[in-house]
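A short write-up of the structure that comes next.
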Amino acid sequence: MPFDTLLQPVYQFLKCPTPQIWLNEAKKPERLPALLQDHLICELKAAQTAMYLLRRYACDKDSSLTLLNWLKPFEDFAYRFDGDIQGLKQAEKLNKSIIGRSDFAHSDRIIDRMVLLIREELHHFCQVLEIMQARGIPYENISASRYARTLIQNCKTHEPQILIDKLICGAYIEARSCERFARLAEFVDPELASFYTSLLRSEARHFTDYLELAQVISKSDITERVRFFGNLEAELISSPDPDFKFHSGAPETAV
């Protein structure tokens, strides 16, 4: 495929491919609503994760409020069913500058990477919602999968290691998303295939952004922590999973 060069670092980073049993289940038309609904929420969660890093470590108080207001319409829609696609499209762009904290050496670097990431994830949120609406798939607030929760639960609890670990987790989540978009594009209808393919470039960059930030911030080599989370991520992806979501493991049951 034309994205082989782009995807090669993703495949090298991940410790295992998506199991064929997951792909077999994902091919079923009746699984599409669950995939799109979960994909929608994953885009919001990706934006929320990046925003947490900005507010916790990188930006000043006024900028923190600006970021909260930026995300609010999307959270209102996702959690309170308040708003519509037109309002969300108008809220996609950040209209104010984000000011970094003077007491954190890497604030400007994190702001540059994470603001772009949030902007892209919110745009993708709107794109997924439009696809769902065009296909008559209702939005439902579905439960979270074990995937991201388990990764975060294994982060260290002291600074700066918790930040480094969360950045490494972010790299794995983005890399797995990229790999699954590429695999899904092989068998979904042409409209969805084109959409998933369009996401590959940004998702591949997101994974490297997270990984580079983790190494820049860490005072020591992060290879061991990357290996630890890589093995954990592979176990979550390849082991039996009672749920079926965008990032779930091998499905235990079929529809």
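The values are calculated or read from the model by the stated rules, or taken from the named source; none is laboratory data. Values in this document were obtained by computation on a predicted structure and should not be read as measured data. FYI the Cβ positions are ideal-geometry reconstructions off the backbone, even for glycines, and counts take in every protein chain you see. These area figures cover heavy atoms from the full protein model, side chains too; ligands, DNA and RNA do not enter into them. Shrake-Rupley method; radii C 1.70, N 1.55, O 1.52, S 1.80 Å.
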| Output for the range 13-48, where each listed residue is of a type in the set (S, T, N, Q), in contact (Cβ under 8 Å) with a residue 40 or more places away in the chain and farther than 17 Å from LEU236 by Cβ | GLN37
| request: Return yes or no: is HIS123 of a type outside the set (Asp, Glu), open to solvent by 60 Å² or more (accessible area, probe 1.4 Å) and under 16 Å from GLN48 (Cα atoms)? | output: yes
| said: Checking LEU213 against (1) touching a residue at least 40 places away in the same chain (Cβ under 8 Å); (2) closer than 30 Å to MET132 by Cβ; (3) surrounded by 22 or more Cβ atoms within 10 Å (Cβ to Cβ); (4) not acidic (Asp, Glu), only one condition comes out false. Which one? | reply: (2)
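Listed here are the residues, each with its yes/no results for (1) surrounded by 20 or more Cβ atoms within 10 Å (Cβ to Cβ); (2) more than 24 Å from LEU122 (Cβ to Cβ); (3) over 16 Å from the mean Cα position of the chain (by Cα).
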{"residue": "PRO138", "(1), (2), (3)": "no, no, yes"}
{"residue": "TYR147", "(1), (2), (3)": "yes, no, no"}
{"residue": "CYS169", "(1), (2), (3)": "yes, no, no"}
{"residue": "SER194", "(1), (2), (3)": "no, no, yes"}
{"residue": "THR208", "(1), (2), (3)": "no, no, no"}
| said: Between ALA26, ALA58, ALA47, which is touching a Gly at 6+ places or on another chain (Cβ under 8 Å) and surrounded by 17 or more Cβ atoms within 10 Å (Cβ to Cβ)? | reply: ALA58
| Using beta carbons and a limit of 8 Å, which pairs, at least six apart or on different chains, have the first residue in the range 90-117 and of a type in the set (D, E, K, R) and the second one assigned to a loop (DSSP other than H, G, I, E, B)? | ARG101/ASP60
| said: Can you find, within the range 6-23, the residue that is farthest from PHE246 (Cα to Cα) among those that are open to solvent by less than 10 Å² (accessible area, probe 1.4 Å) and not β-branched (Val, Ile, Thr)? | reply: LEU7
| message | Being more than 20 Å from the chain's Cα centre (by Cα), of a type in the set (Asp, Glu) and modelled with pLDDT under 95 is the filter here; which residues of the range 217-255 pass it? | response | GLU252
| query | Taking the range 69-88, which residues are free of Cβ contacts under 8 Å to residues at least 40 places away in the same chain and either loosely packed, with under 15 Cβ neighbours inside 10 Å or polar (S, T, N, Q) (or both)? | reply | ASN69, LYS72, ARG80, ASP82, ASP84, GLN86, GLY87
